[in-house]
Structures are given as structure tokens and as C-alpha cells.
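Report on the structure given below.
The values are calculated or read from the model by the stated rules, or taken from the named source; none is laboratory data. Everything numeric here is computed off the predicted structure, so don't read it as measured data. Ideal geometry is used to build each Cβ from the backbone, glycine not excepted, and the neighbour counts take in all protein chains shown. These accessible areas exclude ligands, DNA and RNA; they are computed on the full protein's heavy atoms, side chains included. Shrake-Rupley method; radii C 1.70, N 1.55, O 1.52, S 1.80 Å.
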Amino acid sequence: MPPPAPPAVPTPRAAVFGALECELQSKHGIGVSEFEALERLATSEEKCRGTDLTEAVHLSQSATSRLVARMEREGLVERVMCEMDRRGIFVILTEAGLRRYEQAKPTHREILKETLTFDD
């Protein structure tokens, strides 16, 4: 019988992601993907299509669609038709979504600062 495998050591990326996920969820009721989507919408100078969010949150198109649907149910975003191209859909940040982003941003930045600071 082979010896048991050593315990998995989390990579720095996994440690940062885990800390962000835990704090954002417990303090603001959103995960990392929701935060990344809210940040893209809050900081974009143009309206965002679903494909823009797919790039921002690093999820598949179908996973991003489910994410947007969940955020829409929570009142954080709205989907609106593109007036020029009726096939196009824009995702718009609501006032509630902007508030949630503004509340969560300091937590996000603090966790990044804590987890990415290296001591010599």
C-alpha cells in the first residue's frame, strides 16, 4: 500500500481567493465573482454586455449568465435591451448594486493588502 499523499498546500492564489470569498460572503453577502462583476460595472465608462462580464469574472459564458441572473434576482443589476441591436443585452448596475460594491470594496482591498504583503 503506498504511503498517504501529503496534505495539499494551498497556492498563494487559492489562499487569496479563499480569504476574499470568506470575508466578502460573511460581511457583504457576495462572493468574489459577484464583487468582480460589480466592480466592472461600477468602473466601466460604457455599458457592459454579458461578454464584457465574462472577461471580468473569468467564468464561462453560461456560468456568467447564471451569475447575472442571481445578481438580478438580488436587485444588484438589471438586464436591458440594446436599442440599436435588439439581440444585444446590457447589464446595468442598480443603486443597490452600487451601494453593495462601495460597501464591499474596502473589505476586498484590505484582504488583498493582508494576503499579498510579504515580509522579508
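Structural remarks
- Positions within the range 73-105 being touching a strand residue (DSSP E or B) at 6+ places or on another chain (Cβ under 6 Å) and farther than 16 Å from GLU46 by Cα, in sequence order: GLY97
- Residues of the range 32-64 satisfying the condition of being small (Gly, Ala, Ser) and more than 18 Å from THR94 (Cβ to Cβ): SER60, SER62, ALA63
- Scanning the range 29-67 for residues that are closer than 23 Å to ILE111 by Cα, among the β-branched types (Val, Ile, Thr) and assigned to a helix (DSSP H, G or I) yields VAL32, THR43, VAL57.
- Whichever residue in the range 68-101 is among the small types (Gly, Ala, Ser) and part of a helix (DSSP H, G or I) and, among such residues, is least open to solvent (accessible area, probe 1.4 Å): GLY97
- Close Cβ contacts (under 6 Å, 6 or more residues apart or on different chains) running from residues in the range 53-81 that are without any contact (Cβ under 8 Å) to a residue 60 or more places away in the chain to residues that are open to solvent by 50 Å² or more (accessible area, probe 1.4 Å) and polar (S, T, N, Q) comprise THR54/GLN61.
- Scanning the range 28-57 for residues that are of a type in the set (D, E, K, R), open to solvent by 30 Å² or more (accessible area, probe 1.4 Å) and closer than 17 Å to GLY75 by Cα turns up GLU36, GLU39, ARG40.
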